[in-house]
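None of the figures in this text is laboratory data; all of them are computed from the coordinates on show. Computed from a predicted model, the values in this text were never measured in an experiment. Positions of Cβ are generated from backbone atoms using ideal geometry, with glycine treated the same way; all protein chains shown enter the neighbour counts.
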Amino acid sequence: MISTEGLNEAKVRISNHLHVTPMLSSQTLNEETGKRVHIKAEHLQKTGAFKIRGAINRVTLAKEAGAKHLLVASSGNHGQAVAYIARTLGLPATIIVPEDAIPTKVNAIHHYGANIIYYGTTSKERIAHAEALENKMNVVIIPPYDDYEIIAGQGTIGLEILSQVQQPSAIVVPIGGGGLIAGIASAVKMINPAIKVIGVEPEEANGTFLSREAGKHVAIQASTSIADGLRSSTPGELTFPIIEKLVDDIVLVSENDIREAFTFYLSRMKQVVEPSGAVTLAALRAGKINHENGDVVLVASGGNVNVRVLEEYIV
């Protein structure tokens, strides 16, 4: 589990490199759902996603321990984050991305100066390839989610949420490999165990939902969900026990639910929130979030989209 000390150390370690992202609101959304809704705008974070938090925390410690070259397996956002902070700290980085990676994310990784390797289509394949290259390349692997320092970095979002919204009744979080929700749940439940933490997965990428139902890790086949950042094959070895203990519920959303949420963000709020970040709004608008009366916080986890194919995300 993540300690209070670990969260506070991560907050101090990463604070000079980050934005404190704002809370957004929409009167239309409040009226439509009958709830007071706050959107934690991590899509406005540096590198366009929450991943920079864990990356800064882990890479800073890796450099202090003597790392000379970083290796990452990532669908895009984590790769961007590590590439960014590696350049900032003067370290070379190599990023393994899926063969069907979104070009916008790959271009950003290239812009930050990292080397790029295309390999496979699932997180399991990429992670295995990174492990195979670790000794050959004399690198330090920076995991995308299954690492306590990564989880602690993501958990700083929970600390920020509770400084911005007084006593929310529920915080709704996307689930990929589980680092984001494990971190947020750790922070929130330490401060106020009564706040519900609810995870959201696409129906077509529901590895954590199935694992929770089975009480053990369940691996799914490669997904084609438009929420590309949530296509993890199975939850992490470290993240899953935290999710089991601290997350109150996990709900699923359809591809059409995600498209409708993406379209709402774009057309009504003038925000570009990638499909992976829009799943929380999708769950709320689809009536999947049941909680006591009070404020609801939706984590909009990223905003990196391929603008050339926006029509695929719009209804």
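Here are a few things to note about the model shown:
- Here the 3J(HN,Hα) profile of the stretch 164-173, calculated from phi with Karplus coefficients 6.51, -1.76 and 1.60 at θ = phi - 60°, is 9, 10, 7, 6, x, 7, 8, 10, 10, 9 Hz, Gly and Pro shown as x.
- Cut-off under 5 Å, modelled amide H: who pairs with A93 long-range: L70, N115
- The stretch 163-202 pair-distance distribution - Cα-Cα, 5 Å bins, rounded %: 6, 25, 33, 22, 11, 3
- Over the stretch 192-315, volume per residue of the alpha carbon convex hull, in Å³: 115 Å³
- The order of the peptides 41-54, 7-20, 133-146, 163-176 by mean Cβ neighbours within 10 Å, most packed first, is 41-54, 163-176, 133-146, 7-20.
- Net +/- balance of residues flanking A55 in space, Cβ distance below 11 Å, scoring K and R +1, D and E -1: +2
- Residues of type lysines that K46 reaches as a straight line, Cα spacing below 25 Å, ignoring anything fewer than 8 places off in the same chain: K11, K63, K68, K105, K270
- When +1 charges are put on Lys and Arg Cβ atoms and -1 charges on Asp and Glu Cβ atoms, the dipole computed for the stretch 27-77 relative to its Cα centre reaches about 260 debye.
- Between the listed residues A114, A62, P92, the Cα displaced farthest toward the positive end of the dipole of the stretch 51-141, a dipole computed from Cβ unit charges relative to the Cα centre, is found at A62.
- With one equal scatterer per alpha carbon and no solvent term, the Debye-computed log10 I(q)/I(0) for the chain at 0.11, 0.12, 0.15 1/Å reads -0.59, -0.71, -1.17.
- Distant alpha-carbon pairs in the stretch 51-141 (separation over 19 angstrom), percent: 32 percent
- Backbone amide hydrogens, once placed in the peptide plane, bring S233 within less than 5 Å of S123, K124, excluding anything fewer than 5 places away on its chain.
- Once the gyration tensor of the Cα atoms in the stretch 1-158 is diagonalised, the equivalent ellipsoid follows with semi-axes of 29, 19, 14 Å, ordered largest first.
- Counting DSSP beta bridges with both ends in the chain, the antiparallel % (nearest 5): 10 percent
- Charge dipole of the chain (Cα centre as origin; +1 on each Lys and Arg Cβ, -1 on each Asp and Glu Cβ, all else neutral): 760 debye, rounded to the nearest 20.
- Mean residue ellipticity (222 nm) of the chain, computed from DSSP H runs ≥ 4 via -39,500 (n - 2.57), nearest 500: -13500 deg cm²/dmol
- Here the 3J(HN,Hα) profile of the stretch 214-219, calculated from phi with Karplus coefficients 6.51, -1.76 and 1.60 at θ = phi - 60°, is 7, x, 7, 5, 10, 9 Hz, Gly and Pro shown as x.
- Interchain or long-range residues, amide H under 5 Å from Y118's placed H: V97
- In sequence order, the stretch 2-16 has phi-based couplings of 8, 8, 4, 4, x, 5, 5, 5, 4, 4, 5, 5, 9, 4, 6 Hz under the Karplus curve 6.51 cos²θ - 1.76 cosθ + 1.60, θ = phi - 60°, and Gly or Pro positions carry x.
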